[in-house]
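Coordinate-derived values only; no laboratory data. The model shown is predicted, which means the values in this text are computed figures rather than measured ones. Ideal geometry is used to build each Cβ from the backbone, glycine not excepted, and the neighbour counts take in all protein chains shown.
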């Protein structure tokens, strides 16, 4: 979960497949690969191939940006983050979801998390956000879409179809088989 993740170091040292969670900012995700590779090098292992790296994100692709944000703010997607924030706040762990440690705790809201940790919008907006994630991280092998409760099955099914058939194939070096 942290930039110099102990789990990432252990995984790199032992050659386990790396997975970056959806609950951290993309700048933290970018550090995960460096941590993993440094540990692999220190263990005398060959340089890892980025294709083994799985990056998880909470994603919703809507018909329009407004529709996507409305569903995410007011549906199960937003409620799941409200609950998560309650748990993190209760356990004094909000720093985990902050893009900057200096962000005051009272500014870490559902809206903050949706804007900073999630990929939300229409097809074009989501593709742009994923390209930004790709650029910041240097690329990865698998994009793992985190499922939230399907409060509108037709909209979520459309989201997954657009992601798999239109957005992921448009990413640099991405392959449709990279979706799980």
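Of the residues 170, 154, 43, the one that moves most in a GNM of the chain with alpha-carbon contacts below 10 Å is 154.
Build a GNM of the chain with springs between Cα atoms under 10 Å apart, and of 150, 77, 140 the one that fluctuates most is 150.
Estimated at 0.36 nm per residue, the fully extended path between residue 65 and residue 146 surpasses their Cα-Cα distance by 27.2 nm. Considering only alpha-carbon pairs that sit under 8 angstrom and 6 or more positions apart, the relative contact order computed for the chain is 27 percent.
A helix-only calculation puts the chain at -14500 deg cm²/dmol for mean residue ellipticity at 222 nm, using -39500 (n - 2.57) for each DSSP H run of at least four residues, averaged over all residues. Taking the inverse of the mean reciprocal distance over all distinct Cα pairs, the Kirkwood hydrodynamic radius of the stretch 77-155 comes to 14.4 Å.
For the chain, the longest principal axis of the alpha carbon atoms and the long axis of helix 123-137 meet at an angle near 20°.
Relative to the longest principal axis of the Cα atoms of the chain, the long axis of helix 26-42 makes an angle of roughly 20 degrees. Taking the longest Cα principal axis of the chain as reference, the axis of helix 76-90 is set at about 60 degrees.
For the options 18, 48, 104, a Gaussian network treatment of the chain with springs between C-alpha atoms closer than 10 Å singles out 104 as fluctuating the most.
Going from the fewest other Cβ atoms within 10 Å to the most, the residues 34, 98, 92, 115 appear in the order 92, 115, 34, 98.
Computed on the Cα trace of the stretch 1-84, the radius of gyration divided by the Kirkwood hydrodynamic radius gives Rg/Rh = 1.14. Entry for the chain at q = 0.08, 0.11, 0.12, 0.20 Å⁻¹: log10 I(q)/I(0) = -0.26, -0.49, -0.58, -1.36, Debye formula applied to identical alpha-carbon scatterers, no solvent contribution.
For the stretch 85-180, the relative contact order is 24 percent, taking Cα pairs closer than 8 Å that sit 6 or more residues apart in sequence and dividing their mean separation by the residue count. Listed by Cβ neighbour count within 10 Å, with the fewest neighbours leading, 128, 148, 32 appear as 128, 148, 32.
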